[in-house]
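As structure tokens, the structure follows; a few thoughts come after it.
The values are calculated or read from the model by the stated rules, or taken from the named source; none is laboratory data. Not measured: the values here are computed from a predicted model. All Cβ positions, glycine included, derive from the backbone under ideal geometry; neighbour counts span all protein chains shown.
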Amino acid sequence: MAEERYRVEVVGLCGSLKERSATRRALEIALEGAAEAGARTVLVDLRDYSLPFAGMAHDPEVFPDVARLSERFREAEGILLGTPEYHGSFSGVLKNALDLMGFDEFEGKMIGLVGVAGGSIGAINALTHLRSVGRQLHAWVLPQQVSIARSYDAFDSEGRLKDPKLEERLKEIGREVAHFSCLHSTRAADFIRQWEQAAENPGGDQ
Ligand SMILES: Cc1cc2nc3c(=O)[nH]c(=O)nc-3n(C[C@H](O)[C@H](O)[C@H](O)COP(=O)(O)O)c2cc1C
């Protein structure tokens, strides 16, 4: 029986709690791209988590979602962070979630960034600030990122982006997170090590 192909897990974290959130929709599209590249995908919606403020003494029995969030991200191999631009930065709810986690959840992992803004300049500041946080967490933040401007007019009634090039860029960031997570995984490193140590390589030079 053929061995089932290994699939990396890519988790999206949505930094908006709004009912009809452009950020959530953008992340869903990026995760479609990750799934196209063969990843298992999960969207973390912080409305489903009851979290304390980071730094507050909290009883794990009262806030079991802190451990649930941590476990979700420990299992992730690739991460997509999605945020609305709020007052020239990323959202507080996303910062709090990130501050409740740390190296155990993020170190060495691939991160793709998606930002959504109401204004015409886009979510550049939010993305730049988030990139800096990713570096502090010792994650690999991909150079490509997606910024969606004028969010109120960016999506059609079916939740697809009106600009097909932007939709493709969103999918591409998801595909990149999946591909680079896979290349970076210990499984890939083990494979290369075994290949290099193989006594004879029938496809190599004579
Ligand atoms: C508190 C707050 C601050 C905002 N600040 C900015 C801003 O600085 N620049 C901008 O372009 N849009 C700003 N916006 C608009 C949001 O970025 C925009 O509505 C975005 O679509 C929200 O994403 P969401 O639909 O996923 O919640 C702000 C919205 C709120 C509620």
Pairs where the first residue, in the stretch 95-116, is more than 25 Å from Glu172 (Cα to Cα) and the second is buried (at least 24 other Cβ atoms within 10 Å of the Cβ), C-beta under 7 Å, 6+ apart: Ala97/Leu13
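Matching residues to (1) surrounded by fewer than 11 Cβ atoms within 10 Å (Cβ to Cβ); (2) within 18 Å of Ala37 (Cα to Cα); (3) charged (D, E, K, R):
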| residue | (1), (2), (3) |
| --- | --- |
| Asp104 | yes, no, yes |
| Gly115 | no, no, no |
| Ala126 | no, no, no |
| Arg150 | no, no, yes |
| Asp163 | no, no, yes |
| Val177 | no, yes, no |
| Phe180 | no, yes, no |
| Phe191 | no, no, no |
| Ala199 | yes, no, no |
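Can you tell me which residue among Leu166, Leu170, Leu100 is under 26 Å from Arg72 (Cβ atoms) and within 16 Å of the ligand (Cβ to nearest atom)?
Matching residue, one of Leu166, Leu170, Leu100: Leu170.
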Options Arg72, Arg68: the member that is modelled with pLDDT of 95 or more, crowded, with 17+ Cβ neighbours inside 10 Å and over 15 Å from Leu17 (Cβ atoms): Arg72
Candidate set from the stretch 1-47 (those that are acidic (Asp, Glu) and free of Cβ contacts under 8 Å to residues at least 12 places away in the same chain); member that is nearest to Leu170 (Cα to Cα): Glu19
Tally of residues being within 17 Å of Glu77 (Cα to Cα), outside any helix (DSSP H, G or I) and of a type outside the set (Gly, Ala, Ser) across the stretch 15-54: 5
Boolean, Arg47 is more than 16 Å from the ligand (Cβ to nearest atom) and either in contact with a Leu (Cβ under 6 Å, 6 or more places away or on another chain) or under 19 Å from Cys182 (Cβ atoms) (or both): no
Residue among Gly119, Gly12, Gly82 that alone is in a strand (DSSP E or B) and within 11 Å of the ligand (Cβ to nearest atom): Gly82
Hits in the stretch 4-30 (condition: of a type in the set (Asp, Glu) and within 12 Å of the chain's Cα centre (by Cα)): Glu9, Glu28
